[in-house]
Amino acid sequence: MNSGEKIELLATPQDYNFGPGEANALELDCGRKLYEVNIRYETFGTLSAERDNAILIAHALTGDAHVCGKHSPDDRKPGWWDNMIGPGKYLDTDKYFIICSNVIGGCSGSTGPRSVNPATGELYNLDFPVITIADMVRAQKRLIDHLQIPKLLAVIGGSMGGMQALEWSKLYPDMVQSTVAIATTHRLAPQSIAFNWVGSQAIRSDADFDNGNYAVNPEHGLATARMLAHITYLSDESMEQKFGRNLQDADSYSFAFKRDFAVESYLEHQGQRFVERFDANSYLYITRATDYFDLSGGGSLAEAMKPATSDFLVVSFSSDWLFTTAQSEEIVKALLANGLNCSFCEIESSYGHDAFLLEVDRLGALIRDFVANQRKKF
């Protein structure tokens, strides 16, 4: 990374609307269509004259287009991967044109369940069609076409973002030079589906949910779903190191059913922060999209990935029990079976699944060098 004075990026949210009419509708895997779709996105850096330096960043489950920088100098926090992307950083915006968009189904500017249905003038809510990871990628493809980028230097994503990156390499092989899939899987395992189901039940059982027609977020159910999910993002080692059995507000047990432990306080805090920024219906739709994700279509992964032509970097983390190293190795074996160039690294880390956001230096160096080599081959 470059030394010297820190340069603060300012991010400007942008919108791309597909436009009205049947010709602009987005066809979905469920058999329905979305009309007048809007995609919220942000870009950083400058697209080269040869249009050969564009990198698409795909966000994780509850992320958004605000990947780095600040919307104003007074913002308390920058974008979610700001320590990775920017001038002189591992994904150097002085070299690359970075694009990040909010997925359809989201609640951060792109069309989702809390958007207005143009056919009725009312909020979609649970009338919004069920979407898939492939649907998200098809919408992103429309954005990339709008930006007049014929081929992406790289598609990079962690967790659900990694699912999107892999889907890009399968659906649009001629548009992807390289794929970076981090802390991800080629299909959601039964345990992960089970966690999602319990979270969705918590939301839909909230007295304020009103069959998805709520006026304000059903906070209790959404916070509970987030607390449950957040546990899966950590590792036993990281929780032991951070919290142990430390008490939060007293020197002894309360002998009552109230918050005693520091880890309980932490989860409550995470749940409360989440309901302030995320929509319950969007959470239902996006987690369902991950449930349905199976790149192999129930068959051979190697066979399903035959259309792919890009080079790959696959990264896992030793303590990630949500998307394990074994799951990453399944991806690698399928890619190698097709004769594709694939680099693989397991990073030793105690952070669990969240390591893709926290192990910046080791992960960043891998990505920096891989993308630099891809630029030479482009």
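Mind counting the residues in region 200-232 that are in a helix (DSSP H, G or I) and either crowded, with 21+ Cβ neighbours inside 10 Å or within 25 Å of the chain's Cα centre (by Cα) (or both)?
20
Can you name every residue in region 65-83 that is within 18 Å of V155 (Cβ to Cβ) and surrounded by fewer than 23 Cβ atoms within 10 Å (Cβ to Cβ)?
Scanning region 65-83 gives a single hit, W80.
As an exercise: evaluate Q272 against (1) free of Cβ contacts under 8 Å to residues at least 60 places away in the same chain; (2) farther than 29 Å from R114 by Cα; (3) surrounded by fewer than 16 Cβ atoms within 10 Å (Cβ to Cβ); (4) among the polar types (S, T, N, Q) and give the number of the one condition it does not meet.
(2)
Pairs, please: C-beta under 7 Å, at least 6 apart or cross-chain, first residue without any contact (Cβ under 8 Å) to a residue 60 or more places away in the chain and in region 62-81, second among the hydroxyl-bearing types (S, T, Y)?
Taking only residues 6 or more apart or on different chains, the pairs are D64/S108; A65/Y41; A65/S101; A65/S108.
Identify all residues within region 9-47 that are at negative phi, among the charged types (D, E, K, R) and over 21 Å from the mean Cα position of the chain (by Cα); write none if there are none.
Hits for region 9-47 are E22, E27, R32, K33.
When you go through (1) more than 22 Å from the chain's Cα centre (by Cα); (2) without any contact (Cβ under 8 Å) to a residue 60 or more places away in the chain; (3) part of a helix (DSSP H, G or I) one by one for Q241, which number turns out not to apply?
(2)
If you check A302, A308, which single one turns out to be under 27 Å from N373 (Cα atoms), open to solvent by 20 Å² or more (accessible area, probe 1.4 Å), modelled with pLDDT of 95 or more and among the hydrophobic types (A, V, I, L, M, F, W, C)?
After ruling out the rest, the residue left standing is A302.
Any residue at all in region 282-294 that is farther than 25 Å from Y124 by Cα, over 20 Å from the mean Cα position of the chain (by Cα) and open to solvent by 50 Å² or more (accessible area, probe 1.4 Å)? Working first, answer last.
Applying the first criterion (farther than 25 Å from Y124 by Cα) to region 282-294 yields 294.
Then keep just the ones that are over 20 Å from the mean Cα position of the chain (by Cα); that gives none.
No, there is no match, as no residue in region 282-294 is farther than 25 Å from Y124 by Cα, over 20 Å from the mean Cα position of the chain (by Cα) and open to solvent by 50 Å² or more (accessible area, probe 1.4 Å).
If the requirement is being surrounded by fewer than 23 Cβ atoms within 10 Å (Cβ to Cβ) and more than 19 Å from M305 (Cβ to Cβ), which of these qualifies: Q148, Q177?
Q148
Which members of region 281-315 meet the condition of being of a type in the set (S, T, N, Q), touching a residue at least 60 places away in the same chain (Cβ under 8 Å) and under 14 Å from H186 (Cβ atoms)?
T290, S296 - these are the residues of region 281-315 that are of a type in the set (S, T, N, Q), touching a residue at least 60 places away in the same chain (Cβ under 8 Å) and under 14 Å from H186 (Cβ atoms).
Please tell me if E42 is open to solvent by less than 20 Å² (accessible area, probe 1.4 Å) and under 23 Å from L147 (Cα atoms). Talk me through it step by step, then tell me what you get.
Values: open to solvent by less than 20 Å² (accessible area, probe 1.4 Å): yes; under 23 Å from L147 (Cα atoms): yes.
Answer is yes for this residue.
The values are calculated or read from the model by the stated rules, or taken from the named source; none is laboratory data. For clarity, every value in this text was computed on a predicted model and none was experimentally measured. Note that each Cβ is placed from the backbone with ideal geometry, even for glycine, and that neighbours are counted across all protein chains shown. Protein only, heavy atoms only, side chains kept; ligands, DNA and RNA dropped before computing areas. Shrake-Rupley method; radii C 1.70, N 1.55, O 1.52, S 1.80 Å.
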